[in-house]
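Below: the structure, in structure tokens.
The values are calculated or read from the model by the stated rules, or taken from the named source; none is laboratory data. Keep in mind the model is a prediction, meaning the values are calculated, not measured. Heads up, the Cβs are rebuilt from the backbone with ideal geometry, glycines too, and the neighbour counts pull from every protein chain shown.
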Amino acid sequence: MPTTATTPPETAVAARLSTLDRLLPLWIVAAMAAGLALGRFLPQLAGWLDTVSVGSVSLPIAAGLLVMMYPVLAKVRYDETGTVIGDRRLIVTSLVLNWVVGPALMFALAWLLLADLPEYRTGLIIVGLARCIAMVLIWNDLACGDREAAAVLVALNSVFQVLAFAALGWFYLQILPSWLGLATTSAEFSIGAIMVSVLVFLGIPLVAGFLSRTIGERTRGRAWYEERFLPKVGPWALYGLLFTIVVLFALQGEQIAARPWDVARIAAPLVIYFLLTFGIGMLAGRLLGLGYPRTTTLAFTAAGNNFELAIAVAIGTFGVTSGQALAGVVGPLIEVPVLVGLVYVALTSRRFFTSGRTLPSSQT
């Protein structure tokens, strides 16, 4: 369907999406419902899923995330990432949004809205420190963002996560509250858990995607790789996403059903956080003239969080039944539907940008 002067950009994009992509909100709602039903009516399933892990890594969640991330990283043209690295405006702005604005905003919202609930407040602050290295690739791809930029920014975030997470946790839980005359929280973060999270959820699919692209292009050529191979593996990204959502909701279905008011209290600052960080990212990219693809990537990498790391840290530090752990779990449960909505907001905003991007081959 060609875009005409009377056809809104988002309408043209939606018309070219596959049925699977167009009905994504429906599939996600169905996955959430299925997970809640499984967790509610088969409580032993949640216990089994929770025990199938290696260290702090849940194997079912890890499997879902790896299946989800591989097709997206296989689409990246790694030989074109050099232009992203040379874009100082994008790199610096992303670092500021992820490691200054994001954590500070979550700290402020947690204290403003959960001042009377210290466990949940601490859990949300930890969520704010865990920058996204997984699902952001899906949202970016669905919104037709810059894949190469997303790969670079996610890799950069993973490095900063290893180097800065513990220091920022100490600052936001002890130093800053003491300066402001607020209650402090003592917490020790495992650098090993952080490194395992980065290596598993980014390292494995990144290496697999790079090798697929390199070997595929050398043996069969770029045309075959992008026109024949990618369309076959592309849908698996959404299959992995839906599987991950089912597992997450199954793990916490009983607890969510038993504490709905607590979930609502935790959800309020999260929704505000996702909307604000995404909006700030889109505005910053627009003012800097980054163009739609990189602005979208900037906004989604700022808005997303590494829920697996946040949950692992909360459980390892405060215990599996702690309020901090519940806050970490509620994070992705709120993030998924909100960021799906923001995909459509991003697509609608394309008319305000001077440059766009063609749809990924798996979506045409």
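Would you mind stating whether F165 is closer than 28 Å to P60 by Cβ and either among the small types (G, A, S) or crowded, with 21+ Cβ neighbours inside 10 Å (or both)?
Yes; evaluated as a whole, the condition is true for this residue.
Quickly run through the stretch 274-303 and pick out the residues that are surrounded by fewer than 18 Cβ atoms within 10 Å (Cβ to Cβ), modelled with pLDDT under 95, in a helix (DSSP H, G or I) and small (G, A, S).
Selection gives nothing.
Looking at M106, M68, can you tell me which residue is modelled with pLDDT of 90 or more and touching a Phe, Trp or Tyr at 6+ places or on another chain (Cβ under 9 Å)?
The conditions single out M106.
List the helices (runs of 4 or more DSSP H) that sit entirely inside the stretch 30-141 and contain at least 2 residues that are in contact (Cβ under 8 Å) with a residue 40 or more places away in the chain and closer than 26 Å to V340 by Cβ.
Result: 43-51, 59-75, 88-96, 102-113, 118-129.
Of the conditions (1) small (G, A, S); (2) over 21 Å from V340 (Cα atoms); (3) in contact (Cβ under 8 Å) with a residue 24 or more places away in the chain; (4) outside any helix (DSSP H, G or I), G145 satisfies every one except a single condition; which number is it?
(2)
State yes or no: is L176 farther than 15 Å from A130 by Cα, assigned to a helix (DSSP H, G or I) and modelled with pLDDT of 90 or more?
Spelling it out, L176 is indeed farther than 15 Å from A130 by Cα, assigned to a helix (DSSP H, G or I) and modelled with pLDDT of 90 or more.
Only residues that are out of contact with any Pro (no Cβ under 6 Å at 6 or more places or on another chain), within 21 Å of F201 (Cα to Cα) and at pLDDT below 70: list them for the stretch 9-57, please.
Within the stretch 9-57, D50, S53, V54, G55, S56, V57 meet the criteria.
In this structure, is A264 in contact (Cβ under 8 Å) with a residue 12 or more places away in the chain, hydrophobic (A, V, I, L, M, F, W, C) and in a helix (DSSP H, G or I)?
It is false that A264 is in contact (Cβ under 8 Å) with a residue 12 or more places away in the chain, hydrophobic (A, V, I, L, M, F, W, C) and in a helix (DSSP H, G or I).
Kindly check whether there is at least one residue in the stretch 215-237 that is surrounded by fewer than 20 Cβ atoms within 10 Å (Cβ to Cβ), of a type in the set (S, T, Y) and either at pLDDT 85 or above or part of a helix (DSSP H, G or I) (or both).
Within the stretch 215-237 (the criterion being surrounded by fewer than 20 Cβ atoms within 10 Å (Cβ to Cβ), of a type in the set (S, T, Y) and either at pLDDT 85 or above or part of a helix (DSSP H, G or I) (or both)), the answer is yes, since at least one residue qualifies.
Only one of these is part of a helix (DSSP H, G or I), touching a strand residue (DSSP E or B) at 6+ places or on another chain (Cβ under 7 Å) and closer than 26 Å to L339 by Cα: V246, V271, V196. Name it.
V196
Report, ordered by the first and then the second residue, all pairs with beta carbons closer than 8 Å, sequence separation of six or more or different chains, a first member in the stretch 204-221 that is closer than 12 Å to V76 by Cα, and a second member that is among the basic types (K, R) and assigned to a helix (DSSP H, G or I).
Short answer, once both residue conditions are applied: G209/K75.
Checking the structure you have, find out if any residue of the stretch 258-269 is under 28 Å from V52 (Cβ atoms) and within 17 Å of the chain's Cα centre (by Cα).
yes
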